[in-house]
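> Here it is, the structure in full.
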Amino acid sequence: MSVDAACFHCGLPVPEGAEFPLEIEGEVRTMCCRGCHAVAQAIVENGLQEYYRHRTAMPTTGQELIPSELSKLALYDHPEIQKSFVIENDPHIKQASLILEGITCAACVWLNERHLQQLPGVMAVQVNYGNHRARIIWDEREIQLSRILKEIQLLGYNAHPYNALQQEELRRKGRSRDIRRIAVTGLSAAQVMMLAVALYAGAALGMDQSTAQLLRYVSLVLTLPVFLYTAVPFYVSAWRAIKSRYLNMDVPVSLAIITAFFGSLWVTLLGDGVVYYDAITMFTLFLLSTRFLERNAREKSVEATENLLKLVPAMSLRLRDGMQEAIAVLDLAAGDIILVKPGEAVAADGEVVAGVSSVDEALLTGESHAVSKEIGDQVIAGSINLEGPLEVRVTGTGENTVLAGIVRLLDRAVAEKPRLAKLADQVAVRFTYVLLALTLVVALAWWWHEPGMVLEIVLAVLVVTCPCALSIAAPAAFAAAGSHLLKQGILLTRGHALETLAKVTHVVFDKTGTLTFGKPKLHQVLPFGELDPDACLRLAASLEQASEHPLAQSFLEQISKNELHLVTEAQNFPGKGVTGLIGGRRYTLGNRMLSTLTQAQAEPLLDVAPGATVVWLCDDSQVLAAFELSDELRPDAIALMEKLREQGLGISILSGDSNAAVEYFAGRLGITDCRGALRPEDKLSALKSLQATGAVVAMVGDGVNDAPVLAGADVSLAMGGGTQVARASSDIVLLSEKMLDISRALRAGQATLIVMRQNFAWAAGYNFLALPFAAMGYIPPWLAALGMSVSSLIVVLNALRLRQV
């Protein structure tokens, strides 16, 4: 058995006499310790050997968990500790946001996801390679969080609850490190360039050999910090890629720097010839600078997410027995009463129980105007109280707040890579292979034609055609557009949203809660049986207790909670209404599709105002009452329709409301294609019919009955005040609920696609144009470095224009 010099798992040297062998894919490999041996054995036993073929970096060493470590992990199973970072989707289904330390490449992400998904009880795992954040969903009846953390740690990684401030500190350190590298490279480049000018001028003006040699040696010394320190990240990345048999853009970059350095070193030692220290320092400086700018642009969307998390204060004032007590927000529970003073941030989601004030929700919704709040109104964690003190009853804390839900949707969008971005990555990889092959051909051709020019030509070709601009063309555009839209109150929750918005040809709207405010007012109660209007209203409000439909609140606000009947066997029929047993008798409340009695007994006798919605209350044998409700059109709905028509888009309304109400509002908006009295499956069928004609459909909705059609549309938008199901099913959430934001989002999608195409055209055009000139010797290495950097910079600056859309 041959013993590896380095540990096959972590790459560290194997101590003499401490080998731990393991057979992997038919070969015996050596590990440095029991920890790495245990990790490798777990990987093999779970059929995850592909990790070793695809990884591009070594992980940290494996760990053997001692009892003290296990006891620390067990603390994370405590409900009080989980309150800050765990959300309970169902009674036993939990979801947590974690940071994984030690992620070094895409294979690390693959390994963690595949290994955790094989654990019994783990329902979903999604790791974001960009910010190393993991979303894990598990069933606590089958597995505990401590077991999941233990498995992660056994793989050689560390996991801990996500903390925005901690993540910001890690990013700050990364920026400081990048700036330090740029500063060192800049100082070296400035000095080396001055010496290069002297060398170039001296060759023409007759500088003596000893002076030229001195300048070469000084240039060598000044270049060493660049070669040995600031360019090291390129070497490391290239080496990881080569080991994984997967070439990235850092391979030609590293090859260019190393070739130029050792070629120049050879010339320096010989004492005659051209050196390229100026090209090395300039190339490294420009490359570090453009990547720094690109990274900052990409991180803007991540920072936007974390800025939201920072809105929630750490402490709050809880009111108990007439006394105020300062308490950590993590210790708040549903039902607690908290005091929010003017100028303070609201610590948790809740309902105002005392006081009148206005609240600034700008960072959450993009709405610049303060929102008035009074008793009964809902407030959102992170919003700022501006005027008077408010007493708020807590309804949600930690991961159960609206704010946390927004962050989860943002995470999902960032984790999903758009199709164009994936295509750009594939093109960049293939281009790298082609570039290396062409470089070899060019080198052989010049070796045969003029050997003394080979180094200069090869260096120029490698540098000028670096595919950096191509690889950042799409990510830079998506990051800039996404962060700008979030500031406007438009939340992208899916990676493909912007790309698909640019192709939309038809927009479909729901009516209630979308084109209208979704807060219908009850105008009259028309009894048809023996019950008086108050008794009918009490029955209707009782049936609506568990409903999220906008009409439900119209009934509930009419009746005190103490007067509501106990309802059993309650059922919700999306697009129709609700049913339930009250006092052993079954009642239905809904539209004409829910009960056939309405058409036979009472509908012909009903006379309601245009645009009004009629809700019927029936028992098993008769119609008891009809309720007439009316909603108001959103003030900017008409302006939105005009803008959509100017853009040449088709417009339709698909609603579950009555045909009369739908036609009334469609007439006010100038929409000819409108259909009412539709069930969710009818809406989905109508949408599929539109798509069958070749239309790319955007659906705008807000309710539970819109969820299937939102999911079925090419791209979907949900109103921020809509139901949780609608927001979860949509690709975009309009936090501000401004109708004109729909037009803004469509324009942003079109502008993003245009910018991406411009970026791709520029990056590809530049590479194909520059390559033949570099191969023929018309572009010196220093100019190649400048051209490559300018190309990447143009792509980033062009993407930043999307902030003005």
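The values are calculated or read from the model by the stated rules, or taken from the named source; none is laboratory data. What you see is a predicted model, and the numbers here were worked out from it, not measured in a lab. Here Cβ is always computed from backbone atoms with ideal geometry, including for glycine, and neighbour counts include all displayed protein chains. Heads up: the accessible areas ignore ligands, DNA and RNA and are worked out on the full protein's heavy atoms, side chains in. Shrake-Rupley method; radii C 1.70, N 1.55, O 1.52, S 1.80 Å.
> Within the group VAL578, VAL567, VAL504, which residue is at pLDDT 85 or above and within 17 Å of ILE742 (Cα to Cα)? Lay out the reasoning, then the answer.
Values: VAL578 fails: within 17 Å of ILE742 (Cα to Cα); VAL567 fails: within 17 Å of ILE742 (Cα to Cα).
Step by step, each of VAL578, VAL567, VAL504 is checked, and only VAL504 is at pLDDT 85 or above and within 17 Å of ILE742 (Cα to Cα).
> Of all the strands (runs of 3 or more DSSP E) wholly in the stretch 18-123, which have at least 3 residues that are within 30 Å of ALA348 (Cβ to Cβ) and at pLDDT 70 or above? Before you say what the answer is, go through the steps one by one.
Numbers: elements: 20-24, 27-31, 86-88, 93-101.
In the stretch 18-123, the matching strands (runs of 3 or more DSSP E) lie at 86-88, 93-101.
> State yes or no: is GLY694 in a loop (DSSP other than H, G, I, E, B) and modelled with pLDDT of 90 or more?
Working: in a loop (DSSP other than H, G, I, E, B): yes; modelled with pLDDT of 90 or more: yes.
Yes: the conditions hold for GLY694.
> Right, next: Determine which member of the set ALA212, ALA231, ALA190, ALA201 is at pLDDT below 85 and open to solvent by less than 60 Å² (accessible area, probe 1.4 Å).
Numbers: ALA212 fails: at pLDDT below 85; ALA231 fails: at pLDDT below 85; ALA190 fails: at pLDDT below 85.
Matching residue, one of ALA212, ALA231, ALA190, ALA201: ALA201.
> For the stretch 687-706, which positions are open to solvent by 10 Å² or more (accessible area, probe 1.4 Å) and either in contact with a Ser or Thr (Cβ under 8 Å, 6 or more places away or on another chain) or over 19 Å from LYS576 (Cβ atoms) (or both)? Write out each step before concluding.
First, pick out the residues of the stretch 687-706 that are open to solvent by 10 Å² or more (accessible area, probe 1.4 Å): 688-696, 702, 704-705.
Scanning the stretch 687-706 gives LYS688, SER689, LEU690, GLN691, ALA692, THR693, GLY694, ALA695, VAL696, ASP702, VAL704.
> Ok, one more. State which residue is most open to solvent (accessible area, probe 1.4 Å) when the search covers only the stretch 605-632 and only residues that are touching a strand residue (DSSP E or B) at 6+ places or on another chain (Cβ under 8 Å) and of a type in the set (Ser, Thr, Tyr).
Our first condition is that a residue be touching a strand residue (DSSP E or B) at 6+ places or on another chain (Cβ under 8 Å); within the stretch 605-632, this holds for 606, 608-609, 611-620, 623-632.
Among the residues that remain, those that are also of a type in the set (Ser, Thr, Tyr) are: 613, 630.
Numbers: THR613: 16, SER630: 35 Å².
Looking at the filtered set, the residue picked out is SER630.
> Which residues, taken from the stretch 485-499, are crowded, with 23+ Cβ neighbours inside 10 Å and part of a helix (DSSP H, G or I)?
LEU485, LEU486, ALA497, LEU498
> State all residues of the stretch 500-532 that are open to solvent by 60 Å² or more (accessible area, probe 1.4 Å) and assigned to a strand (DSSP E or B); if no residue qualifies, say none.
Matches in the stretch 500-532: LYS521, HIS523, GLN524.
> Also, I was wondering about something else. Can you find a residue that is under 30 Å from LEU440 (Cβ atoms) and either touching a Ser or Thr at 6+ places or on another chain (Cβ under 9 Å) or at pLDDT below 90 (or both) anywhere in the stretch 795-804?
So the first thing to find is which residues in the stretch 795-804 are under 30 Å from LEU440 (Cβ atoms), and the list is 795.
In the following step, the residues that additionally are either touching a Ser or Thr at 6+ places or on another chain (Cβ under 9 Å) or at pLDDT below 90 (or both) were identified as 795.
Yes, the stretch 795-804 contains a residue that is under 30 Å from LEU440 (Cβ atoms) and either touching a Ser or Thr at 6+ places or on another chain (Cβ under 9 Å) or at pLDDT below 90 (or both).
> Of a type outside the set (Gly, Ala, Ser), under 14 Å from THR516 (Cα atoms) and open to solvent by 40 Å² or more (accessible area, probe 1.4 Å), is that true of PRO635?
Numbers: of a type outside the set (Gly, Ala, Ser): yes; under 14 Å from THR516 (Cα atoms): yes; open to solvent by 40 Å² or more (accessible area, probe 1.4 Å): yes.
When the stated conditions are applied, PRO635 passes them.
> Using beta carbons and a limit of 7 Å, which pairs, at least six apart or on different chains, have the first residue in the stretch 370-385 and more than 16 Å from ALA404 (Cα to Cα) and part of a loop (DSSP other than H, G, I, E, B) and the second one modelled with pLDDT under 85 and hydrophobic (A, V, I, L, M, F, W, C)?
Within 7 Å, the pairs are ALA370/LEU386.
> Just checking, how many residues over the stretch 628-649 are in a loop (DSSP other than H, G, I, E, B) and among the acidic types (Asp, Glu)? It would help to see each step written out before you state the result.
Of the stretch 628-649, the ones in a loop (DSSP other than H, G, I, E, B) are 631-632, 634-636, 647-649.
With among the acidic types (Asp, Glu) added as a condition, the list becomes 631-632, 636.
Matching residues across the stretch 628-649 total 3.
> Say we look at the stretch 650-663 and pick out the residues that are in contact with a helix residue (DSSP H, G or I) (Cβ under 9 Å, 6 or more places away or on another chain) and not in a loop (DSSP other than H, G, I, E, B); which of these is surrounded by the fewest Cβ atoms within 10 Å (Cβ to Cβ)? First the steps, then the outcome.
Our first condition is that a residue be in contact with a helix residue (DSSP H, G or I) (Cβ under 9 Å, 6 or more places away or on another chain); within the stretch 650-663, this holds for 650-657, 661-662.
Okay, now just the ones that are also not in a loop (DSSP other than H, G, I, E, B), so 650-654, 661-662.
Values: GLY650: 17, ILE651: 19, SER652: 20, ILE653: 23, LEU654: 26, ALA661: 25, VAL662: 25.
The selected residue is GLY650.
> Looking at the stretch 713-728, which of the residues that are out of contact with any strand residue (DSSP E or B) (no Cβ under 7 Å at 6 or more places or on another chain) and part of a helix (DSSP H, G or I) is modelled with the lowest pLDDT?
For the stretch 713-728, the residue satisfying everything is VAL725.
> Counting just the residues of the stretch 590-604 that are among the aliphatic types (A, V, I, L, M) and modelled with pLDDT under 70, which one comes out least open to solvent (accessible area, probe 1.4 Å)?
In the first step, residues of the stretch 590-604 are kept if they are among the aliphatic types (A, V, I, L, M); the result is 593-594, 597, 600, 602.
Going one step further and asking which of them are modelled with pLDDT under 70, we end up with 600, 602.
Values: ALA600: 85, ALA602: 1 Å².
In this case the residue turns out to be ALA602.
> Only one of ALA297, ALA328, ALA381 is open to solvent by less than 20 Å² (accessible area, probe 1.4 Å) and modelled with pLDDT under 85; which?
Working: ALA328 fails: open to solvent by less than 20 Å² (accessible area, probe 1.4 Å); ALA381 fails: modelled with pLDDT under 85.
The match here is ALA297.
> May I pose another question? Among what's in the stretch 792-805 and is within 18 Å of LEU287 (Cα to Cα) and in contact with a Leu (Cβ under 9 Å, 6 or more places away or on another chain), pick the residue that is surrounded by the most Cβ atoms within 10 Å (Cβ to Cβ).
Across the stretch 792-805, the extreme among qualifying residues is VAL795.
> For the stretch 394-477, which helices (runs of 4 or more DSSP H) that fit wholly inside it have 2 or more residues that are at pLDDT below 70 and open to solvent by less than 40 Å² (accessible area, probe 1.4 Å)? Steps first, answer last, please.
Working: elements: 402-415, 419-449, 454-464.
Here the list reads 402-415, 419-449.
> Check ALA666 against each of (1) in a helix (DSSP H, G or I); (2) in contact with an Asp or Glu (Cβ under 9 Å, 6 or more places away or on another chain); (3) closer than 23 Å to THR500 by Cα and name the one condition it does not meet.
Status for ALA666: all satisfied but (3).
> Looking at the stretch 748-764 only, could you name the residues that are within 17 Å of VAL461 (Cβ to Cβ) and either crowded, with 17+ Cβ neighbours inside 10 Å or at pLDDT 85 or above (or both)?
Residues of the stretch 748-764 that are within 17 Å of VAL461 (Cβ to Cβ), as a first pass: 763-764.
The answer is ALA763, and nothing else.
> Quick check on my filter: what residues within the stretch 771-786 are modelled with pLDDT of 80 or more and open to solvent by 10 Å² or more (accessible area, probe 1.4 Å)?
Those that are modelled with pLDDT of 80 or more and open to solvent by 10 Å² or more (accessible area, probe 1.4 Å): LEU771, PRO772, PHE773, ALA775, MET776, GLY777, TYR778, ILE779, PRO780, LEU783.
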